[in-house]
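Structure first, then comments.
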Amino acid sequence: MKLPVLLLGFIALTTYGSPVTEFLSLQHEADISTINPCKDKELLSCIPTSVDFKKLGQDTIVLPGGLTLNQKKTFHEGKTSFAVYADDMENEAFFSYRNNRMMGKVSMSDNTMFFVEPCNNWEGCHVWKKISQDSFVDETHVVSPHEDKLSEVELRKIEELRNKGKNDNTATAEFTMMFYYTRDFAANTDDIELFMDTIIGDMNLGYENSDIPIRARLHCVEAAALDDLSESSDMLHAFDAYKPSPAAIRETADAAQLLANDFHNCGSGYTYTATGHSGHTLSVVKKSCSFGYHSSIHEVGHNFGCQHDKGTSTNSHYDYGYGWFIGPENLGGRGYRTAMAYTHDGHKNRVNYLSNPNVDYQGYPTGDAQSADNARVVTENRFLMAAFGDESQACNAV
Ligand SMILES: [Zn+2]
């Protein structure tokens, strides 16, 4: 009879000796007026927090308010680690982390979203900030103003690379992204490099989800001497004019994307430019939408030749290049659509998939072979995209 008493005493001592810490310990009383990531206009709340990084390795995490999510996936991109958590009630978390700094988002079934972001105000500073997913306004796209006058040699090379993409649907192609950011983005972001790594992780998760044999890699990150403009299409044209040519903007990467802190919708990108010669593969994206609404993979999708759902756009190049509303309306509560599809009643929830008739989500196909196969568009054009830059140029200072 003595053993259970001894064990009980040991357990009590252990509990006293090491207090249980939360994954996120919110500091409700802290002054947020000087915290840069708390300065966004659309925030419903912004609360400083510390992060217990040991909890990220565990099978479950408990979020503020008591929501418990289960680990679904972990992966690495360079020196950054990623973890995806979810439950069966449409709540999902996506975190990136390195060197005791974490970035990410939690998409909630009640249509809100929380971001976690590092801040520089004190050692271990992070914020837990809340937005409404209604603040995401769908992206626009712009037909490239650059007229490609192609020589016979160039035309033959394009044809060769496109045929290679058509005939081989298994070899993984890698393309590189050159990221820029506006002055406004810098004023609201304390770990720009981790932010760009998080975008790459979100894009690669989307390609993997969609069974597309392509992966993105970060080439360089550069500050742009540009301020936010209120219209994303104006921002795209300003980005296009920022250096003498698209090639100069890409700095030997295959595509370039400018991150702005704020404009009225989520982004804008040039369409069908992966199949041209000039490499006019440029896009602009609003910070909260980049991985929060999968707008980065959406805009690069336009570069590849993908289009929105068939009801809201016309694809002049690929009659199978449209986004898709997945399954019946209001499936799982709000309904689902792929990352290229515009919002639609009964299909509010955008998921990190490009349409593919051979990939299911929640038991329903994410595309249609005749009309919604953006995965095929990207797969066929992946070697063309990867051939634009040779990655020979070293990075300028961040
Ligand atoms: Zn779009």
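Among the residues of segment 137-153, is there at least one that is out of contact with any strand residue (DSSP E or B) (no Cβ under 8 Å at 6 or more places or on another chain) and within 30 Å of Asn330 (Cα to Cα)?
The answer is yes, given that some residue of segment 137-153 is out of contact with any strand residue (DSSP E or B) (no Cβ under 8 Å at 6 or more places or on another chain) and within 30 Å of Asn330 (Cα to Cα).
Can you find, within segment 271-281, the residue that is farthest from the chain's Cα centre (by Cα) among those that are over 22 Å from Ala224 (Cβ atoms) and part of a loop (DSSP other than H, G, I, E, B)?
Applying the filter and picking the extreme gives His277.
Scan segment 271-281 residue by residue and report those that are touching a helix residue (DSSP H, G or I) at 6+ places or on another chain (Cβ under 7 Å) and more than 14 Å from the ligand (Cβ to nearest atom).
Within segment 271-281, Ala274, Thr275, His277, Ser278, Gly279, His280, Thr281 qualify.
Are any of the residues in segment 144-151 under 25 Å from His264 (Cα atoms) and either modelled with pLDDT of 95 or more or not aromatic (Phe, Trp, Tyr) (or both)?
Yes, segment 144-151 contains at least one residue that is under 25 Å from His264 (Cα atoms) and either modelled with pLDDT of 95 or more or not aromatic (Phe, Trp, Tyr) (or both).
Looking at (1) farther than 23 Å from Ile326 by Cβ; (2) β-branched (Val, Ile, Thr); (3) away from the ligand (no atom under 16 Å from the Cβ), can you tell me which one Ile214 breaks?
Here Ile214 clears every test but (1).
Of all residues in segment 109-120 being outside any strand (DSSP E or B) and in contact with an Asp or Glu (Cβ under 8 Å, 6 or more places away or on another chain), which is surrounded by the most Cβ atoms within 10 Å (Cβ to Cβ)?
Cys119
Do we find a residue being of a type in the set (A, V, I, L, M), crowded, with 24+ Cβ neighbours inside 10 Å and touching a Lys or Arg at 6+ places or on another chain (Cβ under 7 Å) anywhere in segment 216-239?
Checking segment 216-239: not a single residue is of a type in the set (A, V, I, L, M), crowded, with 24+ Cβ neighbours inside 10 Å and touching a Lys or Arg at 6+ places or on another chain (Cβ under 7 Å).
Please state which one of Asn111, Asn100, Asn167 is touching a Lys or Arg at 6+ places or on another chain (Cβ under 9 Å) and away from the ligand (no atom under 16 Å from the Cβ).
Step by step, each of Asn111, Asn100, Asn167 is checked, and only Asn111 is touching a Lys or Arg at 6+ places or on another chain (Cβ under 9 Å) and away from the ligand (no atom under 16 Å from the Cβ).
Would you be able to tell me the number of residues in segment 293-322 that are surrounded by fewer than 24 Cβ atoms within 10 Å (Cβ to Cβ) and either under 14 Å from Tyr353 (Cα atoms) or in contact with a Lys or Arg (Cβ under 9 Å, 6 or more places away or on another chain) (or both)?
Qualifying residue count, segment 293-322: 3.
Picking from Glu222, Glu231, Glu208, which residue would you name as being out of contact with any Asp or Glu (no Cβ under 8 Å at 6 or more places or on another chain) and more than 16 Å from the ligand (Cβ to nearest atom)?
Answer to the selection: Glu208.
Residues being more than 16 Å from the ligand (Cβ to nearest atom) and either assigned to a loop (DSSP other than H, G, I, E, B) or out of contact with any Ser or Thr (no Cβ under 8 Å at 6 or more places or on another chain) (or both): count how many of those fall in segment 130-150.
Total meeting the criteria: 7.
Restrict the check to segment 257-268 and report whether at least one residue is of a type in the set (S, T, N, Q), touching a residue at least 40 places away in the same chain (Cβ under 8 Å), within 15 Å of Ser290 (Cα to Cα) and away from the ligand (no atom under 16 Å from the Cβ).
Among the residues of segment 257-268, at least one is of a type in the set (S, T, N, Q), touching a residue at least 40 places away in the same chain (Cβ under 8 Å), within 15 Å of Ser290 (Cα to Cα) and away from the ligand (no atom under 16 Å from the Cβ), which makes the answer yes.
Considering only residues of segment 108-138 that are among the polar types (S, T, N, Q) and modelled with pLDDT under 95, which is farthest from Lys55 (Cα to Cα)?
Ranking the qualifying residues of segment 108-138, first place goes to Ser135.
The values are calculated or read from the model by the stated rules, or taken from the named source; none is laboratory data. Please read all numbers here as calculations on a predicted model, not as lab measurements. Glycine also receives a Cβ, built like all others from the backbone with ideal geometry; neighbour counts cover every protein chain displayed.
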